[in-house]
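Step one of this worksheet: look at the structure below.
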Amino acid sequence: MSDSDKPRFRRVVRRHRSADPKRPSLRPAELWVTLKSYFGFGRVAPLERIDTPEALSGFIDTRSSFMAQTSLYGYLRTRAGMRYPELFDDDPFVESINIAKWHVWLDCLSDLAVYSGSRLTQHSPGEMPRVAAMMTALIEGILEGKGEPAEAGAEYPAHVQRVRERVARIDWLAVGNDEAAFTESPPGLVHWAPVMDTLKELDDEIVRNSVRFRWQEVRRDLAQHLDARAVIEALPDVGPDAG
């Protein structure tokens, strides 16, 4: 994407919102829930034991969404300051946010999938083919469940394909138990956020570090609740050429 194509802040024109059903779908309730979580007034649902592929899928899906929305809205609120509420009266800006939130979600999904799969493989290196097959199917299921949102923009399908390709080719044993898996979401937030490029240049390091810091809690949650042995025992056998 060239600099000229990236979403930017636009001049805001205050007006009464219409009931147009085609208006970009950033719902106030959704925004309030995620902002409460970002500023410490609420949390995502308490975690239970992650002991099946289905439970792991749910963890990856919900935590990726939580990370994407709180990181994006938090950055925009910090950058916009007192103007923040006004921005949601500007339809082109809301459209840019809706594009951004889907792409940031894909980057978060990619990173958390790689990290989660690596934790399973580190626990049982000999099971890497079965883990690889599970992660491919798991991510495919999450992506199919979301479909192709109309508000996500023209580049969404290509981005989805990049996520698939990353999961398919990753060396699960090489990822490690630190930040090595989280290569897409920190720069992804900077890239997709509808903020002027000149401001992004000033914010770049701070924003990336903020995303990395927020992933620490997700990593702790996974470490505390993942029963790697139970997940692996629930996996089906795969052929000798898999992985």
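Structure notes:
- The lone exception for ASP203 - which of (1) more than 18 Å from the chain's Cα centre (by Cα); (2) farther than 30 Å from PRO92 by Cβ; (3) in contact (Cβ under 8 Å) with a residue 24 or more places away in the chain it fails: (2)
- Pair list, Cβ under 9 Å, 6 or more apart: the range 99-116 residue in a helix (DSSP H, G or I), other residue modelled with pLDDT under 95 and of a type in the set (Phe, Trp, Tyr): LYS101/TYR73; CYS108/PHE66; VAL114/TRP172
- Exactly one residue out of VAL167, VAL114, VAL94, VAL163 is within 19 Å of SER57 (Cα to Cα) and in contact with a Leu (Cβ under 7 Å, 6 or more places away or on another chain): that is VAL163.
- Exactly one residue among THR70, THR34 is modelled with pLDDT of 60 or more and not in a loop (DSSP other than H, G, I, E, B), and that residue is THR70.
- Condition met for ARG162 (farther than 28 Å from PHE93 by Cβ, modelled with pLDDT of 95 or more and touching a Ser or Thr at 6+ places or on another chain (Cβ under 8 Å)): no
The values are calculated or read from the model by the stated rules, or taken from the named source; none is laboratory data. All values reported here derive from a predicted model rather than from experimental measurement. Here Cβ is always computed from backbone atoms with ideal geometry, including for glycine, and neighbour counts include all displayed protein chains.
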